[in-house]
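The structure is given below, and queries will be raised subsequently.
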Amino acid sequence: QVQLVESGGGLVQPGGSLRLSCAASGSIFRIYAMGWYRQAPEKQRELVATITTSGDTSYADSVKGRFTISRDNAKHTVYLQMNSLKPEDTALYYCNVRSDRYPGSGITNSWGQGTQVTVSS
């Protein structure tokens, strides 16, 4: 079992910044890709950003140049620095972690409980 604890969401004015964190714990041997997704009301969950074990990153077009994903492998933690926030960034943000419990155990896909980000004046 893998537990993900997210933090850092909140209410911010347009143009402001927030930093999300997601710490993984539990039955983890190795963490592979980590990522952030978001879901706005009445919309499907969408990919925001991902980062591989080696640090390669990818972003949704809507957040490129404004959001930065990073990770601390020693702490099993992934971050999302969000700058120049817009009202359309308002959503519930979920972290996602792919890990295994021991070599050859297979990949476990885990989700956080979500942290709310609201961008409004």
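The values are calculated or read from the model by the stated rules, or taken from the named source; none is laboratory data. Just so it is clear, the structure is predicted and the values come from calculations on it, not from any experiment. Every residue, glycine as well, gets a Cβ built from its backbone with ideal geometry; the counts of neighbours run over all protein chains shown. In case anyone asks, the SASA skips ligands and DNA or RNA and just uses the protein heavy atoms, side chains included. Shrake-Rupley method; radii C 1.70, N 1.55, O 1.52, S 1.80 Å.
Residue under question is Ser21, and the condition is that it be polar (S, T, N, Q), open to solvent by less than 60 Å² (accessible area, probe 1.4 Å), free of Cβ contacts under 8 Å to residues at least 24 places away in the same chain and outside any loop (DSSP other than H, G, I, E, B); does it hold?
no
Here's a follow-up. Within the stretch 24-82, which residues are within 11 Å of Asn96 (Cα to Cα) and among the acidic types (Asp, Glu)?
Correct list: empty.
Taking interchain pairs and intrachain pairs at least six residues apart, which have beta carbon atoms under 9 angstrom, with the first residue in the stretch 91-119 and without any contact (Cβ under 8 Å) to a residue 24 or more places away in the chain and the second open to solvent by less than 30 Å² (accessible area, probe 1.4 Å)?
Pairs that qualify, where the first residue is without any contact (Cβ under 8 Å) to a residue 24 or more places away in the chain and the partner is open to solvent by less than 30 Å² (accessible area, probe 1.4 Å), are Gly106/Asp100; Asn109/Asn96; Asn109/Val97; Asn109/Ser99.
Which pairs have Cβ atoms under 7 Å, sit 6 or more apart or on different chains, and link a residue in the stretch 50-62 that is within 12 Å of Tyr32 (Cβ to Cβ) to one that is among the charged types (D, E, K, R)?
Final answer for the pair search is Ile51/Arg71.
Quick one: which of Ala91, Ala49, Ala74 is within 15 Å of Ala23 (Cβ to Cβ) and either in contact with a strand residue (DSSP E or B) (Cβ under 6 Å, 6 or more places away or on another chain) or surrounded by fewer than 20 Cβ atoms within 10 Å (Cβ to Cβ) (or both)?
That would be Ala74, the only listed residue that is within 15 Å of Ala23 (Cβ to Cβ) and either in contact with a strand residue (DSSP E or B) (Cβ under 6 Å, 6 or more places away or on another chain) or surrounded by fewer than 20 Cβ atoms within 10 Å (Cβ to Cβ) (or both).
Looking at Val48 and the list (1) over 29 Å from Gln1 (Cα atoms); (2) assigned to a strand (DSSP E or B), which single condition is not satisfied?
Unmet for Val48, out of (1) over 29 Å from Gln1 (Cα atoms); (2) assigned to a strand (DSSP E or B): (1).
Is it true that Thr53 is in contact with a helix residue (DSSP H, G or I) (Cβ under 8 Å, 6 or more places away or on another chain) and either of a type outside the set (Lys, Arg) or at negative phi (or both)?
On the way: in contact with a helix residue (DSSP H, G or I) (Cβ under 8 Å, 6 or more places away or on another chain): yes; either of a type outside the set (Lys, Arg) or at negative phi (or both): yes.
Yes: the conditions hold for Thr53.
In this structure, is Gly35 loosely packed, with under 12 Cβ neighbours inside 10 Å, modelled with pLDDT of 95 or more and not basic (Lys, Arg)?
No: the conditions fail for Gly35.
Kindly evaluate Gly106 against the criterion of being over 15 Å from the mean Cα position of the chain (by Cα), at pLDDT below 95 and surrounded by fewer than 20 Cβ atoms within 10 Å (Cβ to Cβ).
yes
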